[in-house]
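Read the structure below first, then the notes.
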Amino acid sequence: MNKSITIDYQEYASVDALPVADRGLMLRAIEAAEGAYAPYSHFRVGAALRLADGTVVPGANQENAAYPSGLCAERTAIFAAAARYPDRRDYDCLAIVGRTPAGTLCEASPCGACRQALLEYEQAQGHPLRLLCYLGDGAVRAFPSVASLLPFSFGLA
């Protein structure tokens, strides 16, 4: 029996086409990429996690010579939020953007490890964590939840 999986998402033609709050979050992710430590790949990733009250927690990838001891921007942001606000589980939206070695903004999407880690926080809070992923042409892809990017997942649920 053949079955299929469909992923719902929206695409916005540019960062400027996003709703105001999401536009601001994406701009914070772009700023966060400046905090990346990427001496090996020279690929900088910025993430910005917005809590329900509008608080934004930035994250940036952190590489290490003892690969895979580094950490992606997405997990840096969500782990920082969980450590800084341990009694809160009200994550609203996470914006992600990449920057090439030449400094050009480019596409970034959570890796499998990040998807699994983000999903656990989404499950723990009991409601979706939206994702905004910058695309190489300036557009933005918006996903309604982490679960939508990780079919056949496992975890708390």
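Assorted remarks:
- For segment 78-96, the set of residues classified as touching a strand residue (DSSP E or B) at 6+ places or on another chain (Cβ under 8 Å) and either closer than 14 Å to Tyr37 by Cα or in a loop (DSSP other than H, G, I, E, B) (or both) consists of Tyr85, Arg88, Asp90, listed by residue number.
- On the stretch given as segment 1-31, residues that are farther than 22 Å from Pro128 by Cβ and outside any loop (DSSP other than H, G, I, E, B) total 4.
- In segment 113-143, the residues that are part of a loop (DSSP other than H, G, I, E, B), of a type outside the set (A, V, I, L, M, F, W, C) and surrounded by 15 or more Cβ atoms within 10 Å (Cβ to Cβ): Pro128
Listed here are the residues, each with its yes/no results for (1) touching a helix residue (DSSP H, G or I) at 6+ places or on another chain (Cβ under 7 Å); (2) at pLDDT below 95.
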{"residue": "Gly46", "(1), (2)": "yes, no"}
{"residue": "Tyr67", "(1), (2)": "no, yes"}
{"residue": "Ala80", "(1), (2)": "no, no"}
{"residue": "Tyr91", "(1), (2)": "yes, no"}
{"residue": "Arg99", "(1), (2)": "yes, no"}
{"residue": "Ser145", "(1), (2)": "yes, no"}
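- Among the residues listed as Gly112, Gly98, the single one being within 13 Å of Gly46 (Cβ to Cβ) and small (Gly, Ala, Ser): Gly98
- From the options Pro101, Pro58, Pro19, Pro110, residue that is surrounded by fewer than 15 Cβ atoms within 10 Å (Cβ to Cβ) and in contact (Cβ under 8 Å) with a residue 12 or more places away in the chain: Pro101
- Every residue from segment 35-55 that is outside any strand (DSSP E or B) and surrounded by fewer than 17 Cβ atoms within 10 Å (Cβ to Cβ): Gly35, Pro39, Tyr40, Ser41, His42, Phe43, Ala52, Asp53, Gly54, Thr55
- Filter pass, Arg84 being more than 17 Å from Glu31 (Cα to Cα) and modelled with pLDDT of 95 or more: yes
The values are calculated or read from the model by the stated rules, or taken from the named source; none is laboratory data. The shown structure was predicted, so the numbers you read here are calculated from the model rather than taken from an experiment. Positions of Cβ are backbone-derived with ideal geometry, glycine not excepted, and every protein chain shown enters the neighbour counts.
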